[in-house]
Amino acid sequence: MNPSVSNEISATGRRKTACARVRIAQGSGKIKVNGEAFDKYFTTEATRGYILQPLSLTGLASTLDVSANIDGGGVAGQAGALRHGIARALIILDETLRPVLKASGMLTRDAREKERKKSGQPGARKRFQFSKR
């Protein structure tokens with residue numbers, strides 16, 4: 001374990017346009033997002049399960065408290081950013097967890113962004129109908 005000055009470990013996770021600043025500390029498994037309860041902020045069970053993957057995979061779900069501030073993006077982007085941030089914070093906490101988290105793809109930043117709309121066209125890839133004559 002590599003404890004920081006205040007016994008709290010912080011990391012940043014990102015996905016699309018969402019950015020999550022995550023802090024983990026020893027505790028009883030409580031999770032707060034933007035000062036709100038985890039269940040209230042992320043309402044669907046699938047999203048909550050996706051976010052908790054790094055904690056359940058390492059078996060630390062009931063021993064760590066997570067606090068996060070998330071900016072930008074939508075629900076899916078914020079969930080991915082939080083998951084990425086938690087995984088990165090766990091690596092700082094215990095370097096031996098790295099192979100497990102890396103193998104399951106939790107340390108990779110999903111960098112897919114929305115492609116911009118091109119001028120003179122209706123969308124990013126869509127084109128107006130071609131007319132030969």
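Overview of values
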read-out	value
Fraction of antiparallel bridges per DSSP, the chain only, in percent to nearest 5	85 percent
Degrees, to the nearest 10: 75-93 long Cα axis against longest axis of the chain	40 degrees
With at most 16 other Cβ atoms within 10 Å, longest stretch of the chain clear of loop GluC sites (Glu not before Pro) (DSSP)	1-112
Efficiency of FRET from Cβ geometry, Asn7 and Asp110, R₀ 22 Å, rounded to 0.05	0.15
Value of D in µm² per second that Stokes-Einstein yields for the chain, Kirkwood Rh from Cα pairs, at 25 °C (0.890 mPa s)	152 µm²/s
Calculated FRET efficiency for the pair Lys117/Asn69, C-beta based, R₀ 30 Å, to 0.05	0.45
The chain: relative contact order as a whole-number percent, Cα under 8 Å and 6+ apart	32 percent
MRE, 222 nm, helices only [DSSP H, n ≥ 4, -39500 (n - 2.57), over the chain, to nearest 500]	-9500 deg cm²/dmol
Cβ-Cβ FRET estimate between Asp94 and Lys30, R0 fixed at 25 Å, reported to 0.05	0.80
The range 28-75 - Kirkwood radius from inverse mean 1/r over Cα pairs (Å)	11.3 Å
Within straight-line cross-link reach of Lys30, aspartates and glutamates at Cα separation under 20 Å, skipping those fewer than 8 residues along the same chain	Glu8, Asp39, Glu45, Asp65, Asp94
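FYI, it's all coordinate maths here, none of it is from the lab. All of these numbers come straight from a predicted model, not from anything done at the bench. Methodologically, a virtual Cβ is constructed for each residue, glycine included, from the backbone with ideal geometry; neighbour enumeration extends over all protein chains shown.
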